[in-house]
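Here the structure comes first, spelled out in structure tokens, and everything after it is commentary.
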Amino acid sequence: MCDRIIEQEGAILSLHENSLALSSFWDMYKSISEDQLSDCAELSVLLYRFMLSLLTPEAGLTSKTEHSTIVSKAKHFIKENYALPLSLEDIATHCGVTGAYLCRLFQRNDLASPLEYLRRRRIETAVTMLRTTDLSAQDIGRQCGFDSPSYFSKTFKAYLGFSPREYREQTINYPFDTIFLD
């Protein structure tokens, strides 16, 4: 099979980031590293699937690439408009799809829902603002798109384990001005 891959693709493979082969590789990697899969038969199945994906023509990626484009468009829209009161329908409408379909696309790409992605971007921005501005936590929450100070505090605590005020005060234990929640 390796000889066929080299014959077909050459000694150095050039794969698109959304290719079936890379997706198959990451599935295999996740099964081994996170799920601690050690059964030889199951590992063989994963490896064989990966090897076969290297022989699959990349032309069949159109729909997956299109799905990835919709997710990318949604992510960009969320990053640009996180401070607005966005709903799932707002995001989906911007992408030209239904909310349910957009949720399925996010799940296929191993992402949380679009609204979970939105909350993460809001919390990331709030962390930076807490450390780089003198605005109150309430004002920061509002500027990051949270309607209510209590919801902002509750969401912040769910992600980081303490309130916005506590995070602001914990500069020695948590010296990070920026975090990424992915």
Does THR128 meet the test of being among the β-branched types (Val, Ile, Thr), surrounded by fewer than 20 Cβ atoms within 10 Å (Cβ to Cβ), more than 30 Å from SER19 (Cβ to Cβ) and touching a Ser or Thr at 6+ places or on another chain (Cβ under 7 Å)? yes
Residue list for segment 97-118, restricted to those being touching a residue at least 40 places away in the same chain (Cβ under 8 Å) and under 20 Å from THR155 (Cβ atoms): LEU111, PRO114, TYR117, LEU118
I'm trying to understand the selection: among the residues of segment 77-98, which are surrounded by 14 or more Cβ atoms within 10 Å (Cβ to Cβ) and within 28 Å of LYS30 (Cα to Cα)? ILE78
Is one or more of the residues making up segment 45-64 aromatic (Phe, Trp, Tyr) and either outside the structural domain of ASP90 (by TED's automatic domain parsing) or modelled with pLDDT under 85 (or both)? yes
Candidate set: segment 13-49, residues that are among the hydrophobic types (A, V, I, L, M, F, W, C), closer than 19 Å to CYS2 by Cα and part of a loop (DSSP other than H, G, I, E, B); chosen: the one farthest from the chain's Cα centre (by Cα): LEU13
Would you pick out the residues in segment 117-130 that are out of contact with any Lys or Arg (no Cβ under 7 Å at 6 or more places or on another chain) and closer than 19 Å to PHE176 by Cβ? ARG119, ARG120, ARG122, ILE123, GLU124, THR125, ALA126, VAL127, THR128, MET129
Of all the helices (runs of 4 or more DSSP H) wholly in segment 96-182, which have at least 3 residues that are on the phi > 0 side of the Ramachandran plot, among the polar types (S, T, N, Q) and outside the structural domain of ALA74 (by TED's automatic domain parsing)? none
Would you confirm whether any residue within segment 134-149 is in contact with a Ser or Thr (Cβ under 8 Å, 6 or more places away or on another chain), within 18 Å of ILE91 (Cβ to Cβ) and at pLDDT below 85? no
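The values are calculated or read from the model by the stated rules, or taken from the named source; none is laboratory data. What you are looking at is a predicted structure, and each value in this text was computed from that prediction instead of being measured. Cβ coordinates were reconstructed from backbone atoms using ideal geometry, including for glycine residues, and neighbour counts include every protein chain displayed.
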